[in-house]
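What follows is a short report on a single structure.
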Amino acid sequence: VRRHLSVNALSKRPDGIVDIDRDACIGCRACMQACPYDALYLNENHGAVEKCHYCAHRVEKGLEPACVIVCPEQAIISGDLNDPRSRISQMVRDGQTLLRRTEQGTGPNVHYKGVEAAALDPGAPERPSMYLWSDRPPQKKESWPISLASVEEHARGARCGAPCGVGLAGGAVPGHQGNRRRGGDAGALRLEAGPDRVRRAVRPGALAIIFTAATAGLLIEDLKRPSLFYRLLTRPNWKSWLVKGGIILGAFGGCSTLVVLLAMLGMDGAAQSLRWAEAVLGLAAAGYTAFLFAQCKGRDLWESKLLLPHLLVQAAACGGAALAPFATERWRLGWIIVVGVLAHAAIAAYERFTRHATTNANQAAAFLGTVRLGPFQPCGMG
Ligand code: SF4
Ligand code: SF4
């Protein structure tokens, strides 16, 4: 989670407790995507994220956490895992405990004893065809189609029983992603813009600036405390791709603006040479989200290694379509659009039908077959 934080609001104290500075949090919720345990939640009243802080105020005084004290069954046991004499260390050493989501490499320190595996894995329980006291109404839409395999069924190698509908990996991408693709790609694809390219760079350049500004606006508006967005620059966590992405978007928008200004001033040579830098920044703007999502340890399918090429071919197709009205040699953009759409479909199908590294990712891929495409109802919904 720490790598994914945008403004250093979360920190690990010397005693190992992960604590949050609520006043510093801007409510971007990136940490909620990064945590595979759903341990963080948004306090809507404060517009900031909160979490269990292991009763740091009590631990500092040598007291046990409040939930340990209040539990009448001693069902919660706290202690120092680094102390081999502590009760918790002995239990872990004896192999009596289970951990959640070890495949994510987060090294969790919360151990579970004597629980059903299904209790630790939200996707594992079977979904019977009826409720406890009644049948499922056929017209009621289930958030989790019963035709999709459970985690345990995936682990056994069972395929999803649903015939595939249309798989769109983009379905998991936030709404502003489309703008970023068009904004990012407008610069990258402008190199195809024909012989009078510098003068005609003004209109597609303006398009790039508009979409990039819209993307930045949506990203800021999406923060729970948008007035604090400047903290991404004043107290950045440089390991976070949220911060790096903000810098990339800013650089791309600035570069596009400069190219347009140079072209308008008739400095065609300078504008033309800057367009190569703009093209590289355009690709970075279109693709940085893949690195951001790779930090999301709570969203397995987003960690796919194919996400970067997938975003780039989507950007090529969307950018080509957005730039087509400004191009003289439209057949070139037409080819880019066709190849981009075919590559997108091929990658989406590959993601849908191949096995992934974790059962959660397999389950998420099965959901791709339920994505609606306009008026078309995918077949095989539960
Ligand atoms: S600023 Fe964002 S990543 Fe940091 S704690 Fe707040 S919501 Fe989480
Ligand atoms: S009472 Fe328990 S769950 Fe609540 S903050 Fe303290 S340690 Fe965390």
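Structure above, values below:
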| read-out | value |
| --- | --- |
| Segments classed as strands (runs of 3 or more DSSP E), wholly inside the range 1-93, with at least 2 members that are free of Cβ contacts under 8 Å to residues at least 24 places away in the same chain | 10-12, 41-43 |
| Some residue of the range 51-64 being more than 21 Å from the chain's Cα centre (by Cα), within 14 Å of ligand 2 (Cβ to nearest atom), aliphatic (A, V, I, L, M) and loosely packed, with under 13 Cβ neighbours inside 10 Å | yes |
| Tally of residues being closer than 30 Å to Ala357 by Cβ and either within 16 Å of ligand 1 (Cβ to nearest atom) or among the acidic types (Asp, Glu) (or both) across the range 58-93 | 0 |
| Per-region count, the range 96-111, residues in contact with a Ser or Thr (Cβ under 6 Å, 6 or more places away or on another chain) and farther than 20 Å from Lys12 by Cα | 1 |
| Positions within the range 227-263 being assigned to a helix (DSSP H, G or I) and hydroxyl-bearing (Ser, Thr, Tyr), in sequence order | Ser227, Thr234, Ser256, Thr257 |
| Within the range 80-114, tally of residues that are small (Gly, Ala, Ser) and at positive phi | 4 |
| Count of residues meeting criterion [modelled with pLDDT under 85, within 10 Å of ligand 1 (Cβ to nearest atom), over 18 Å from Phe229 (Cβ atoms) and not β-branched (Val, Ile, Thr)] in the range 1-21 | 1 |
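Listed here are the residues, each with its yes/no results for (1) under 24 Å from Ile88 (Cα atoms); (2) within 10 Å of ligand 2 (Cβ to nearest atom); (3) surrounded by 15 or more Cβ atoms within 10 Å (Cβ to Cβ).
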position: Ala9; (1), (2), (3): no, no, yes
position: Glu44; (1), (2), (3): no, no, no
position: Val68; (1), (2), (3): yes, yes, yes
position: Gln74; (1), (2), (3): yes, no, no
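The values are calculated or read from the model by the stated rules, or taken from the named source; none is laboratory data. What you see is a predicted model, and the numbers here were worked out from it, not measured in a lab. Note: ideal-geometry Cβ built from the backbone for every residue, glycine included; neighbour counts use all protein chains shown.
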